[in-house]
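The values are calculated or read from the model by the stated rules, or taken from the named source; none is laboratory data. Computed from a predicted model, the values in this text were never measured in an experiment. Quick reminder, even Gly has a Cβ in these numbers, built from the backbone with ideal geometry, and neighbours come from all protein chains shown. Heavy atoms of the whole protein, side chains included, go into the accessibility calculation; ligands, DNA and RNA do not. Shrake-Rupley method; radii C 1.70, N 1.55, O 1.52, S 1.80 Å.
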Amino acid sequence: MTRTLHRFSGGLHLDTHKHESRDVPSMLVPLPGQIILPLKQHIGLAARPLVNPGERVLKGQIIAEPEGYVSVPVHATTSGVVRDIGDYHIPHPFGIREPCIVIDADGLDELFPIEAVTDYAALTPQALQEIIRDRGIAGLGGAGFPAHVKLKEGVDNAVDTLIINGVECEPYITCDDRLIREKAMYVVSGARMIRHAVNAKHCVIAVEEDMPEAHDALAGHITAHDDIELVRVPTRYPAGGEKQLIQVLTGKEVPSGGFSINIGIIVHNVATAAAVYRAVTRGEPLISRYVTVTGEVKTPRNLQVLLGTPVSDCLKLCGYEDSNDTRIIVGGPMMGTQVRDCNIPVTKTTNCIIVRRKIPPIQELPCIRCGRCADVCPVNLLPQQLYLYAKADRFDETRQHHLFDCIECGCCSCVCPSHIPLVQYYRYAKFEIALEEQRRQGATRAEQRFLNRKRRLQQRQEVKQKQKAGSTTTATESGDTDADRKAFVRAAVARTRSRKERGTDR
Ligand code: SF4
Ligand code: SF4
């Protein structure tokens, strides 16, 4: 039976520019001299380092452990010596630095012993989730949500449909297309494992209409026994967004501020499914990924890159010559981030590196309230209103206008006749709100520490008082007080006197 497809509101038809990189086989990037591994490559809390500078580590070894539930470990991506643990630039819209572990590669690529599972179906869903967490798997589709969290939510909330997302809707990016063509078996096997881990009733793998080779590669590995639906969705940006894809495939809408699990659906990217397959059947942690390198380079193509490899190494391999006329974008042209420093590392969420010609800055003009931005918004927001509040630092109002439902797709910026970089305003507002939240949590933590200390001192005082009171009670019970002792002596003296008076002794 053919699935009925639905439409999401807004969106754009864009020039895809995919042919430039998708038909060339992927290439392994040689081992870099140095690896920079951010402790936070996912949504949630950063991992906590387990190693010290000067320590030798092996490929696949856990070098930072998860801090809390929404966190995953970080693994060394090659063997070498830890050079430093400190703040380094990472791919980020505001060019910030974050804690990283830097490893000087020794060139031996010596493996840490790893354990594989022969029969995943014999494992409980919980055991499978633990393996997936311990192998450091976070969503490879862009958001970087720790995979085990989605899986646990799935088990706790009865999943009706598991969607494996191969809809790579942003122009230029072809890493998922290439991965499917080269490793379709991994994707299909990973889908089976994730389905087992969440007990999903239905499983759908979705690709775009303009990915025929990927579609056929997947079809070649899905058996009748699998009961997996393979669906092609129309090419329209941002059809690969989680909420948009759910709407296209099921006609259901994820509620504002809610999660897909609230409507019985979970979504994982095709690359995440492939990583799950490798983690379970080979014990391999997530230490590499496919990255598209495209735009103004000699040979646009996809690379298989060890995490922590500098972006500059990837660019060099594709024939990029450093120039003042170009700018580097990490991510796609719509949702990516322009970076100044090419020594930033490839992380779990780096799907694409694009080199583009610099364009003269375009004057930002006042909003004319034409409403075009609202027409193309796939989330039905009011982008112009959000922009006005963000610009005026009225962050409470941005929240009331559902800022956090914005998926930063860039459709609104793309059509704005006043050339307002709307998404940049939304990112700024989200960043400021997150900072404020951190400050608030920091203040709450400091207050909590103060209260804990006060409570500890009080408890100590109470224990001392009790001990003091306790020693008096014990003495009284044993009849060993001063008064008792005096009475005992008086009685003894009286007995002696009486014996003397009777003229007897013992
Ligand atoms: S598209 Fe630009 S000018 Fe038009 S309403 Fe939106 S923000 Fe204003
Ligand atoms: S960036 Fe946000 S506000 Fe703009 S169109 Fe996309 S979802 Fe809507």
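The condition of being among the aliphatic types (A, V, I, L, M), within 17 Å of the chain's Cα centre (by Cα) and at negative phi holds for L140. With respect to T398, is the statement that it is modelled with pLDDT under 95, over 21 Å from E170 (Cα atoms) and either of a type in the set (S, T, Y) or near ligand 2 (Cβ under 10 Å from one of its atoms) (or both) true? Judged against the criteria, T398 is not a match.
Can you tell me which residues in segment 376-391 are hydrophobic (A, V, I, L, M, F, W, C) and either outside any loop (DSSP other than H, G, I, E, B) or more than 6 Å from ligand 2 (Cβ to nearest atom) (or both)? Break it down into steps so the answer makes sense when it comes.
From segment 376-391, those hydrophobic (A, V, I, L, M, F, W, C) are 376-377, 379, 381-382, 386, 388, 390; that's our starting set.
Within segment 376-391, V376, L382, L386, L388, A390 meet the criteria.
Scanning segment 11-27 for residues that are free of Cβ contacts under 8 Å to residues at least 12 places away in the same chain and assigned to a loop (DSSP other than H, G, I, E, B) yields a single hit, D23. Mind checking which pairs have a first residue in segment 327-349 that is on the phi > 0 side of the Ramachandran plot and a second that is surrounded by fewer than 19 Cβ atoms within 10 Å (Cβ to Cβ), Cβ under 6 Å, 6 or more apart or different chains? Hits for this filter: G331/T337. When segment 290-300 is limited to residues that are in contact with a Cys (Cβ under 6 Å, 6 or more places away or on another chain) and more than 11 Å from T350 (Cα to Cα), the one that is least open to solvent (accessible area, probe 1.4 Å) turns out to be V297. Against the criterion of being open to solvent by 50 Å² or more (accessible area, probe 1.4 Å) and either free of Cβ contacts under 8 Å to residues at least 24 places away in the same chain or closer than 29 Å to L12 by Cβ (or both), D216 qualifies.
Yes/no per residue for (1) open to solvent by 40 Å² or more (accessible area, probe 1.4 Å); (2) under 20 Å from I353 (Cβ atoms); (3) within 16 Å of ligand 1 (Cβ to nearest atom):
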site	(1), (2), (3)
H13	yes, no, no
T16	yes, yes, no
M27	yes, yes, no
P32	no, yes, no
P38	no, yes, no
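Considering segment 379-404 alone, what residues qualify as being surrounded by fewer than 18 Cβ atoms within 10 Å (Cβ to Cβ) and hydrophobic (A, V, I, L, M, F, W, C)? Matches in segment 379-404: L382, L388, A392, F395, F404. The residues in segment 206-236 that are in contact with a Lys or Arg (Cβ under 9 Å, 6 or more places away or on another chain) and among the small types (G, A, S) can be counted, and the count is 3.
Conditions tested, residue by residue: (1) buried (at least 17 other Cβ atoms within 10 Å of the Cβ); (2) in the same structural domain as C416 (by TED's automatic domain parsing); (3) acidic (D, E); (4) within 16 Å of ligand 2 (Cβ to nearest atom).
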{"site": "G331", "(1), (2), (3), (4)": "yes, no, no, yes"}
{"site": "M335", "(1), (2), (3), (4)": "yes, no, no, yes"}
{"site": "V339", "(1), (2), (3), (4)": "yes, no, no, no"}
{"site": "C342", "(1), (2), (3), (4)": "yes, no, no, no"}
{"site": "T347", "(1), (2), (3), (4)": "yes, no, no, no"}
{"site": "N351", "(1), (2), (3), (4)": "yes, no, no, no"}
{"site": "Q363", "(1), (2), (3), (4)": "no, no, no, no"}
{"site": "C367", "(1), (2), (3), (4)": "yes, no, no, yes"}
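Filtered by the rule that a residue be within 20 Å of the chain's Cα centre (by Cα) and on the phi > 0 side of the Ramachandran plot, segment 212-269 gives a lone residue, G257.
Among the residues of segment 417-432, is there at least one that is away from ligand 1 (no atom under 16 Å from the Cβ), on the phi < 0 side of the Ramachandran plot and open to solvent by less than 40 Å² (accessible area, probe 1.4 Å)? So far as segment 417-432 goes, yes, one or more of its residues are away from ligand 1 (no atom under 16 Å from the Cβ), on the phi < 0 side of the Ramachandran plot and open to solvent by less than 40 Å² (accessible area, probe 1.4 Å).
Entry remark, segment 139-172: residues being under 24 Å from M185 (Cβ atoms), open to solvent by less than 20 Å² (accessible area, probe 1.4 Å) and part of a loop (DSSP other than H, G, I, E, B) number 5 in total.
In the condition set (1) within 20 Å of Y237 (Cα to Cα); (2) surrounded by fewer than 17 Cβ atoms within 10 Å (Cβ to Cβ); (3) more than 13 Å from ligand 1 (Cβ to nearest atom), I407 is compliant with all but (2).
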